[in-house]
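Participant: The structure under discussion is supplied below as structure tokens; questions concerning it will follow.
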Amino acid sequence: MVDILKPEQALIYAMITVSAVDRSISDEELKRIGSIVRELPAFEFYDNNWLLEESQACGKILAKSGGMRRVLDMLTASLPERLRETAYVLAAEVAASDRRIAAEEIRFLDLLAEALSIDKLTCAALERAATARHQKA
């Protein structure tokens, strides 16, 4: 049986997982996750304590054998159709935040797109937009 998350939790799990898949969560990634939670309407009723608790819960799942697959299953079961692209773009945003996207992050984004049934053209557009926001002048 797959655990069902609240949609807000699922969005956090997507961001934490993409950040953690390369075994190194950068300061830029953590800052970006924090700013996303502070800025987006989906998280308007949540604070940094909640973010920390959800991040730790996700980390515990990821630390176990098959953890990434379990998170993907949870995301698929928990996200309504209207938030699937949101989860993908937020994950892409976090991956792009340190201006280097590791191979493991690309692989997770591919698995996420497959799990959430997001087509390649949409993924490319979302990834490009996320990358463009993190360019330096």
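Participant: Here is a check on your reading of the model: is ALA132 part of a helix (DSSP H, G or I) and modelled with pLDDT under 95?
Facilitator: In short, yes.
Participant: Here's another thing I want to ask about it. Yes or no: ALA42 modelled with pLDDT under 90 and not in a loop (DSSP other than H, G, I, E, B)?
Facilitator: Taking the combined requirement at face value, the residue satisfies it.
Participant: Next up: Hey, does the stretch 93-109 have a residue that's within 21 Å of LEU30 (Cα to Cα), touching a His at 6+ places or on another chain (Cβ under 9 Å), touching a residue at least 40 places away in the same chain (Cβ under 8 Å) and in a helix (DSSP H, G or I)?
Facilitator: Yes, the stretch 93-109 has at least one match.
Participant: Something else now. Say we look at the stretch 86-121 and pick out the residues that are more than 11 Å from the chain's Cα centre (by Cα), modelled with pLDDT of 95 or more and under 19 Å from ALA42 (Cβ atoms); which of these is surrounded by the most Cβ atoms within 10 Å (Cβ to Cβ)?
Facilitator: Among residues in the stretch 86-121 that are more than 11 Å from the chain's Cα centre (by Cα), modelled with pLDDT of 95 or more and under 19 Å from ALA42 (Cβ atoms), the one surrounded by the most Cβ atoms within 10 Å (Cβ to Cβ) is LEU116.
Participant: Of the residues ILE36, ILE16, ILE61, ILE12, which is in contact with a Lys or Arg (Cβ under 8 Å, 6 or more places away or on another chain) and either β-branched (Val, Ile, Thr) or under 19 Å from GLU104 (Cα atoms) (or both)?
Facilitator: Unique residue meeting the criteria: ILE61.
Participant: Quick check on VAL21: is it crowded, with 16+ Cβ neighbours inside 10 Å and closer than 17 Å to GLU105 by Cα?
Facilitator: Yes; evaluated as a whole, the condition is true for this residue.
Participant: Return the total of residues in the stretch 28-52 being in contact (Cβ under 8 Å) with a residue 40 or more places away in the chain and either charged (D, E, K, R) or touching a Gly at 6+ places or on another chain (Cβ under 9 Å) (or both).
Facilitator: Number of matching residues: 4.
Participant: If we scan the stretch 113-120, do we find a residue that is out of contact with any helix residue (DSSP H, G or I) (no Cβ under 9 Å at 6 or more places or on another chain), in a helix (DSSP H, G or I) and more than 21 Å from ASP3 (Cα to Cα)?
Facilitator: No - not one qualifying residue is present in the stretch 113-120.
The values are calculated or read from the model by the stated rules, or taken from the named source; none is laboratory data. All figures in this text were calculated on a predicted structure; none of them were measured in a lab. Here the Cβ is made from the backbone with ideal geometry for all residues, glycine too, and neighbour counts use every protein chain on show.
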